[in-house]
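**Q** The structure under discussion is supplied below as C-alpha cells; questions concerning it will follow.
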Amino acid sequence: MHTQEIGKNLYQVDLETGGFKNLICSYILRGSRIIIVESGPTSSVPRLVDGLKELNFRLEDVEYVAVTHVHLDHGGGAGTLLKALPNAKVIVHPRGMPHLIDPQRLWESAQSVLGFVSEIFGEPEPVPEERIIPVTDGSFDLDDDAKLKVIETVGHASHSLSFQESFNNGVFPGDAAGTYFPELDVVIPTTPPPFHLDSELASLDKLISLNPSFLYYSHFGKASNAVQRLRDYKLQLQLWAQITDQGVRDNKSLEEIRNGILAEDAAMRRLGGYLKSHKIYSKTALGNTVQGFIEYAKQNQAKAAL
Ligand SMILES: [Zn+2]
C-alpha cells in the first residue's frame, strides 16, 4: 500500500516518482471536504489518483489542490491532476500562478537546472486560469471547525507557501524546512538557485511562531518536534552559509565547498554516502542545493562591495 493514515483525517500518498520510494509525497486532508496538498510531478499523478481510489475518496469530492510552490516535484502535476478532479481548484501563490497557466518557461528552466531529473518528473500541463485561486494568506474550511491556513514562506522560491492544518496542528512546509530522511531522522537543506537565505530564515521564524506539533515534509513524510526541527534547520542553513561564504571568497569550486559542508555538517556526515549513491539526490542535494548557496553568497558579496 502506498497510502497511509498519518493523523486525524490526514493521509500520505507515496508518489514513488520514477520508481523511487520515499522521495516525494502528497497529502490528503479529509474533512467535510477533501483538500490535497501537493499535486506532485506530472509523471506520478496516476499514483496519486490511485491513492485517492484506494482510500475510497470520490474524485469529484476533491475541492482544492493546494501547492506549496510550482517547482515540478510539488505543483508540476497540477494541470494533469485537475483533468481527473472535475470540481477541484488549485491554491497557489500569485507569483506562481502564471507558471501554472503557461508552464513553458518553468519547464525550460527546470530542464536546464535539473537536467535528467526534469524528465523523471515530466512536463507540466497548463492549468485553466479559472481553476486557480491565488493566495498569500487567509484560510480554507476543512469542516465546520477545522481550517487549512495559508502562510507565505518565501526563500526556497519567491512564491513559496506553507499550510497549517488544525485537525492535528501540523504544517506542510513544502521545501521551506528542507528534506527529511525518516529512516535516519535527519534533515538537509533544499536550496536550489535562486535561493534567498534572509527570506528563508524569516519564513522559518513565521512557522516557528505558529507553534506546530508536526511537520509534513513533501520530501518525505511526517515528523514530530516541529518547532525544534525548524530551529535546527535555521542553524544548519547558517552553517552552510558560513562555509559557502568563505569558500566563495577563497575561490573554491562547488565540489570543494560541498566537501567542506560534508565534513562540517553532522547531518551531511551521516547522509553523504547515501546521497552520493542516489541517482536523484546526487544531482539535487549535492549539486543544486550547494549551487543555491554559492549564488546567494556571490550576490551578497557583490552587494557588500558596492
Ligand atoms: Zn521539492
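The values are calculated or read from the model by the stated rules, or taken from the named source; none is laboratory data. Predicted model only: the values in this text are computed from it and were never measured. Note that we place each Cβ from the backbone using ideal geometry, even for glycine, and neighbour counts take in every protein chain shown. Just the protein is used for accessible areas: all its heavy atoms, side chains included, with ligands, DNA and RNA removed. Shrake-Rupley method; radii C 1.70, N 1.55, O 1.52, S 1.80 Å.
**Q** I'd like the residue in the stretch 58-77 that is over 14 Å from the mean Cα position of the chain (by Cα) and of a type in the set (Val, Ile, Thr) and, out of all such residues, is farthest from Pro126 (Cα to Cα). Lay out the reasoning, then the answer.
**A** The initial filter retains those residues of the stretch 58-77 that are over 14 Å from the mean Cα position of the chain (by Cα), namely 58-65.
Now restrict to residues that are of a type in the set (Val, Ile, Thr): 62, 65.
Numbers: Val62: 19, Val65: 14 Å.
Ranking the qualifying residues of the stretch 58-77, first place goes to Val62.
**Q** Also, quick follow-up: Give the number of residues within the stretch 142-158 that are touching a residue at least 24 places away in the same chain (Cβ under 8 Å), surrounded by fewer than 24 Cβ atoms within 10 Å (Cβ to Cβ) and either within 16 Å of the ligand (Cβ to nearest atom) or in a loop (DSSP other than H, G, I, E, B) (or both).
**A** Selection size over the stretch 142-158: 7.
**Q** Has the stretch 237-257 got at least one residue that is farther than 23 Å from Tyr274 by Cβ, within 19 Å of the chain's Cα centre (by Cα) and not in a strand (DSSP E or B)?
**A** So far as the stretch 237-257 goes, no, none of its residues is farther than 23 Å from Tyr274 by Cβ, within 19 Å of the chain's Cα centre (by Cα) and not in a strand (DSSP E or B).
**Q** Could you look through the stretch 166-199, keep only residues that are more than 14 Å from the ligand (Cβ to nearest atom) and acidic (Asp, Glu), and pick out the one that is most open to solvent (accessible area, probe 1.4 Å)?
**A** Once the filter is applied, the top-ranked residue is Glu183.
**Q** Which members of the stretch 63-84 meet the condition of being crowded, with 24+ Cβ neighbours inside 10 Å, not in a helix (DSSP H, G or I) and not β-branched (Val, Ile, Thr)?
**A** The answer is Ala66, His69, His71, Leu72, Asp73, His74, Gly75, Gly76, Gly77.
**Q** Taking Ala285 as the residue in question, decide whether it is under 15 Å from Val186 (Cβ atoms), surrounded by 20 or more Cβ atoms within 10 Å (Cβ to Cβ) and of a type outside the set (Asp, Glu). Walk me through it before giving the result.
**A** Values: under 15 Å from Val186 (Cβ atoms): yes; surrounded by 20 or more Cβ atoms within 10 Å (Cβ to Cβ): yes; of a type outside the set (Asp, Glu): yes.
Criteria met by Ala285.
**Q** Here is a further query. Residues in the stretch 26-58 that are charged (D, E, K, R) and buried (at least 24 other Cβ atoms within 10 Å of the Cβ): how many?
**A** Looking only at that region, the number is 1.
**Q** Return yes or no: is Asn22 within 14 Å of the ligand (Cβ to nearest atom), among the polar types (S, T, N, Q) and surrounded by fewer than 24 Cβ atoms within 10 Å (Cβ to Cβ)?
**A** yes
**Q** Just wondering, is there one or more residues in the stretch 220-236 that are within 16 Å of the ligand (Cβ to nearest atom), in contact (Cβ under 8 Å) with a residue 60 or more places away in the chain and under 20 Å from the mean Cα position of the chain (by Cα)?
**A** Looking through the stretch 220-236, at least one residue is within 16 Å of the ligand (Cβ to nearest atom), in contact (Cβ under 8 Å) with a residue 60 or more places away in the chain and under 20 Å from the mean Cα position of the chain (by Cα).
**Q** While we're on this one: Which count do you get for residues in the stretch 122-141 that are closer than 23 Å to Ser109 by Cα and open to solvent by less than 40 Å² (accessible area, probe 1.4 Å)?
**A** Residues in the stretch 122-141 being closer than 23 Å to Ser109 by Cα and open to solvent by less than 40 Å² (accessible area, probe 1.4 Å): 4 in total.
**Q** In the stretch 205-235, how many residues are in contact with a helix residue (DSSP H, G or I) (Cβ under 7 Å, 6 or more places away or on another chain), crowded, with 22+ Cβ neighbours inside 10 Å, part of a helix (DSSP H, G or I) and not hydroxyl-bearing (Ser, Thr, Tyr)?
**A** 2
**Q** Also, quick follow-up: List the pairs whose first member sits in the stretch 170-184 and is within 20 Å of Lys206 (Cα to Cα) and free of Cβ contacts under 8 Å to residues at least 60 places away in the same chain, whose second member is part of a loop (DSSP other than H, G, I, E, B) and more than 14 Å from the ligand (Cβ to nearest atom), and whose Cβ atoms are under 8 Å apart, counting only residues at least 6 apart or on separate chains?
**A** Between residues of the stretch 170-184 that are within 20 Å of Lys206 (Cα to Cα) and free of Cβ contacts under 8 Å to residues at least 60 places away in the same chain and residues that are part of a loop (DSSP other than H, G, I, E, B) and more than 14 Å from the ligand (Cβ to nearest atom), the close pairs are Val171/Leu210; Val171/Pro212.
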